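The next block holds one structure in the form of structure tokens; read it before the comments.
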Amino acid sequence: MVMPAFDRKISTTDCVNCGQCRVFCPTGAISIRTNMDEVWEALADSNVRVVAQVAPAVRVAVGDHYGLTKGKSVMGKIVNALHLMGFDEVYDTSFSADLTIMEEGTELLNRLQNGGTLPMITSCSPGWVKYCEHYYPDQISHLSTCKSPQQMFGATIKTWYAKKMGIDPEKIVVVGIMPCTAKKFETKRDDQSASGYPDVDIALTTRELARMIESAGIYFKHLPDEEFDNPLGEGTGAAVIFGATGGVMEAALRTAVETLTGKALDNVDFTDVRGMDGVKEAEYEVAGLKLKVAVASGTANAHTLMEQVKAGTSPYHFIEIMGCPGGCINGGGQPIQHAVVRNFVDLKNRRAAALYDADRKLPVRKSHESEAIKTVYTEFFGEPGSHLAHEVLHTSYKARPKYK
């Protein structure tokens, strides 16, 4: 039988839902709970508006399922396929990644300037967050209170957008299409229902998306590209690189440095935090402050940094942690690759390179310069870190038992 040790239910273990067991299981005996039927039922219901959001890392991996060039972005084809499947609107989670940077950057500056808990640690990866709750419950105050981009997107759709369009949030079904299996758990967390309804109703993995496209009879390889819908289809280069380890840190630095100095960056590339090393660190001189940062991906590397935090010896102001090695591009919900591919093709670096290439080509590469972000603050939130922003875009955490 494939199950946790000692015949336990998985809910009584300290599993962080990262899904890496499914990716590496040599027999394929482990399966991930699917939510595809729920999505088909929503699409068939004429009384609800079904909205899809697609994470940055999905676009550079779903093509693997169809034998396309490894790491190539197929975002336009994904948008087309989702429209054909019946989604009313298809948006880019990059929009809410930019929103995350605005809130997280403001939170970091507040902690730096007002004696808040440091180092502040990112909260975008639900697998990492649950790991922290199980293994370092006494360090939860270090976590940013920001919801993840998936949850911020749903919260914004069911508050600002619902009000703007005159739609009852009860009639909106938000579907997150993610590279991550832990996103399924995240949709069920407490304090993730800003409108009174779940911020995100259903989370699908990249693998589930591919299976749904096939079952709909869509010939994905030959689909023409389509653009995201508006107003939430706009994202900056800073948001796109969220999918690779170090991307959140770099995006945050682009905004935080300009905010602190009041000057435009000559070069927005913070290459020190890029790459697939387990732990990366850097130091930047910003407005008289020596800002020390670190980036880690994978729980073993998270453990290394958290032991320093726990011992009070961490020299950093800001830490980015992703639960999966390499970040979301290597998430537990990405297409399964045969050993012959994994052993000889550097999938993580190919996918990361495609995201950084997309960043370079976008006209706007800093979150605070996004017109869509400016609009949502002007029309609804007021300013980053406002009372309303905290009610809608921030969350809380809780200590969880560590099972023996």
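The values are calculated or read from the model by the stated rules, or taken from the named source; none is laboratory data. Being a predicted model, the structure only gives us computed values, none of them experimental. All Cβ positions, glycine included, derive from the backbone under ideal geometry; neighbour counts span all protein chains shown. Just so you know, the surface numbers come from the protein's heavy atoms only, side chains and all, with ligands and any DNA or RNA stripped out. Shrake-Rupley method; radii C 1.70, N 1.55, O 1.52, S 1.80 Å.
In terms of distances greater than 24 angstrom between alpha carbons, the cross-link table entries 70/158; 130/171; 158/183 yield 70/158; 130/171. Accessible area of residue 188 (1.4 Å probe, protein heavy atoms only, ligands and nucleic acids ignored): about 130 Å². Calculate, for residue 45 and residue 362, the FRET efficiency according to 1/(1 + (r/R0)^6) with r their C-beta to C-beta distance and R0 30 Å; round to the nearest 0.05. Taking R0 as 30 Å, the efficiency between residue 45 and residue 362 is 0.25. A simple spin-label model places pseudo-atoms 7 Å from Cα toward Cβ; at residue 140 and residue 353 they are separated by 4.3 nm.
Derived scalar couplings between HN and Hα for region 221-236 equal 4, 10, 6, x, 6, 10, 8, 4, 6, 10, x, 10, x, 9, x, 8 Hz in order, rounded to whole Hz, by the Karplus curve 6.51 cos²θ - 1.76 cosθ + 1.60 (θ = phi - 60°), x for Gly and Pro.
Given Cα pairs under 8 Å that are at least 6 residues apart, what percent is the relative contact order of the chain?
Working: 766 pairs, mean separation 105.0, N = 404.
It comes to 26 percent, rounded to a whole number.
Rg and Dmax, both from the Cα atoms of region 152-260 and both in Å, are 16.5, 52.
At 0.36 nm per residue, and after removing the present C-alpha to C-alpha distance, how many nm does the segment from residue 1 to residue 219 gain when stretched out fully? Don't skip to the answer; put the middle values down first.
Details: separation 218, 0.36 × 218 = 78.48 nm, distance 3.69 nm.
Fully extending the segment from residue 1 to residue 219 adds 74.8 nm.
Accessible area per residue (1.4 Å probe, heavy atoms of protein chains only) ranks 345, 175 as 345, 175, with the largest value leading. Taking the convex hull of the alpha carbon positions in region 225-302 and averaging its projected area over all directions gives 7.2 nm².
For region 1-62, the square roots a ≥ b ≥ c of the C-alpha gyration tensor eigenvalues yield an a/c of 1.5 or more together with a/b exceeding b/c, which makes the shape prolate. Note on residue 30 and residue 264: the extension gain reaches 79.3 nm, defined as 0.36 nm multiplied by sequence separation minus the Cα-Cα distance. Heavy-atom accessible surface of residue 285, to the nearest 10 Å², is about 120 Å², with a 1.4 Å probe and all protein chains retained. Here the simple spin-label model places points 7 Å from the Cα toward Cβ, and for residue 388 and residue 171 these points are separated by 2.3 nm. Rounded to the nearest 20 debye, the dipole size of the chain about its Cα centre is 1160 debye, using +1 on the Cβ of Lys and Arg and -1 on the Cβ of Asp and Glu. Please identify which residues in region 368-404 have an amide N closer than 15 Å to a label point set 7 Å out from the Cα of residue 164, following the Cα→Cβ vector. Of the residues in region 368-404, 370-383 have backbone N under 15 Å from the label point off residue 164. Other residues whose C-beta falls under 15 angstrom from the C-beta of residue 309 contribute a net charge of -2, scoring Lys and Arg +1 and Asp and Glu -1. Shown is the FRET efficiency for residue 399 and residue 37, computed with R0 = 35 Å from the Cβ-Cβ distance and rounded to the nearest 0.05: 0.55. Once divided by 2.2 N^0.38 Å, the Cα radius of gyration of region 198-348 becomes 1.28. Calculated on the alpha-carbon coordinates, the convex hull of region 259-404 measures out at 199 cubic angstrom per residue. Using only alpha carbons, the chain has a radius of gyration to Kirkwood radius ratio (Rg to Rh) of 0.94.
Per residue and in cubic angstrom, what volume does the convex hull of the Cα atoms of region 320-393 have?
On the way: hull volume 10.3 nm³, N = 74.
Each residue corresponds to 140 Å³ of Cα convex hull volume.
Given their separation in residues at 0.36 nm each and the Cα-Cα distance between them, residue 378 and residue 341 gain 8.5 nm when the chain is fully extended. Per residue, the chain reaches -10500 deg cm²/dmol at 222 nm when only DSSP H runs of four or more residues are counted, each adding -39500 (n - 2.57). At q = 0.09, 0.12, 0.13 Å⁻¹, what is the base-10 log of I(q)/I(0) for region 46-184 according to the Debye formula with one equal point scatterer per Cα and no solvent? Please give it to two decimals. Values, matching the q order: -0.35, -0.61, -0.70.
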